[in-house]
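Peer 1: Have a look at this one before I ask anything.
The values are calculated or read from the model by the stated rules, or taken from the named source; none is laboratory data. This one's a predicted model, so the numbers in the text were calculated from it and none came from an experiment. Note that each Cβ is placed from the backbone with ideal geometry, even for glycine, and that neighbours are counted across all protein chains shown. Calculation scope for accessible area: heavy atoms of the full protein, side chains included, ligands and nucleic acids excluded. Shrake-Rupley method; radii C 1.70, N 1.55, O 1.52, S 1.80 Å.
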Amino acid sequence: AITWEVCDSVLAAELLELRLIQRHQPRFNHRNRRPATPHFVRLSTDERLPRLTIGRTPGPLSIGPLTTRRQAELVVEAIQTALPVRRCATRVGPRAVLPVVATPCTSGQLGTGACPCSGATSEVDYARIAATTARAMTTDPQMVLDPLAERMRTMAASERFEEAATVRDRAGAFA
């Protein structure tokens, strides 16, 4: 049998619909059936040259749970803006042979990130960067928030308000 209810507003009707879907779990209605799965920002500790990744499960060094992938991406962008952690997606295992000199990745060429994969940054120097990143993710978030606040002030003083708002959003996601 089909029944209906008259609601006072569109909002009340939508809320009622969501509650009925949750209660009855209709077979062919996939809206709101799957619970939202959280996202985590992880520093890959199993790689020789750690990098930031986004995943569905927490790791030994991770930030989360974050409700959306976009929020996780903002956290990664915040960390990468404040610290020169490598941005390339290449996985570097423990037995990988690194080139002595190679063309750095784009972030290495622009000077926004370290590029140990090309030999532009030594492994010892990059280990310090990775340790700093781990400390910022676990015990000292000001290592990320302070440079972002300074960058936001500089952009606002230069009347680059849209870019300052982007940095503000990154800091908000990280905090």
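Peer 1: How much accessible area per residue does the chain have, in Å², with a 1.4 Å probe?
Peer 2: On a per-residue basis, the chain sits at 65 Å².
Peer 1: Related question: Search the structure for amide H atoms under 5 Å from the amide H of V85, placed 1.01 Å from N in the peptide plane, and list their residues when 5 or more places away or on another chain.
Peer 2: Hits under the 5 Å cutoff: A114.
Peer 1: Considering all projection directions equally, how large on average is the shadow of the alpha-carbon convex hull of the stretch 123-175, in square nanometres? Intermediate values should be presented prior to the final figure.
Peer 2: Details: hull surface 16.2 nm².
Averaging across all directions leaves 4.1 nm² for the Cα convex hull.
Peer 1: While we're here: Below 15 angstrom from the Cβ of G64, what's the summed charge of the other residues (Lys, Arg +1; Asp, Glu -1)?
Peer 2: Values: positive: R42, R56, R69, R70; negative: E73.
Once all neighbours under 15 Å are counted, the net charge is +3.
Peer 1: Oh, and also: Which of F28, F40, F161 ends up with the largest GNM mean-square fluctuation for the chain, with Cα atoms connected below 10 Å?
Peer 2: Residue with maximal mean-square fluctuation among F28, F40, F161: F28.
Peer 1: If you don't mind, another one. Taking the Cα centre as origin and putting +1 on Lys and Arg beta-carbons and -1 on Asp and Glu beta-carbons, what dipole magnitude results for the chain, to the nearest 20 debye?
Peer 2: 700 debye
Peer 1: Provide the gained length on full extension for the span T57 to C7, in nm with one decimal, where the gain is 0.36 nm per separating residue minus the Cα-Cα distance.
Peer 2: Working it through step by step, the gained length comes to 13.9 nm.
Peer 1: A further question follows. Can you send over the carbon and sulfur percentage of the accessible area for the chain, probe radius 1.4 Å, protein chains only?
Peer 2: Carbon and sulfur together cover 55 percent of it.
Peer 1: With springs only between Cα atoms under 10 Å, which of R48, R128, R19 fluctuates most in a Gaussian network model of the chain?
Peer 2: The residue with the greatest mean-square fluctuation here is R19.
Peer 1: Which whole-Hz ³J(HN,Hα) couplings does the stretch 62-78 yield from phi under the Karplus relation 6.51 cos²θ - 1.76 cosθ + 1.60, θ = phi - 60°, glycine and proline marked x?
Peer 2: Per residue, the Karplus-derived 3J(HN,Hα) values read 8, 10, x, x, 10, 6, 10, 5, 4, 5, 5, 5, 5, 5, 4, 4, 4 Hz.
Peer 1: Taking the alpha-carbon set of the chain, what are its Rg and Dmax in Å?
Peer 2: 22.1, 74
Peer 1: Calculate how steeply helix 123-138 sits against the longest principal axis of the alpha-carbon atoms of the chain, using the helix alpha-carbon long axis, and give the answer as 0 to 90 degrees to the nearest 10.
Peer 2: Taking the Cα atoms of the chain, the angle to 123-138 is about 30 degrees.
Peer 1: In a Gaussian network model over the chain where Cα atoms closer than 10 Å are linked, find which of Q142, Q22, Q80 has the largest mean-square fluctuation.
Peer 2: Among Q142, Q22, Q80, the largest mean-square fluctuation in the Gaussian network model of the chain belongs to Q22.
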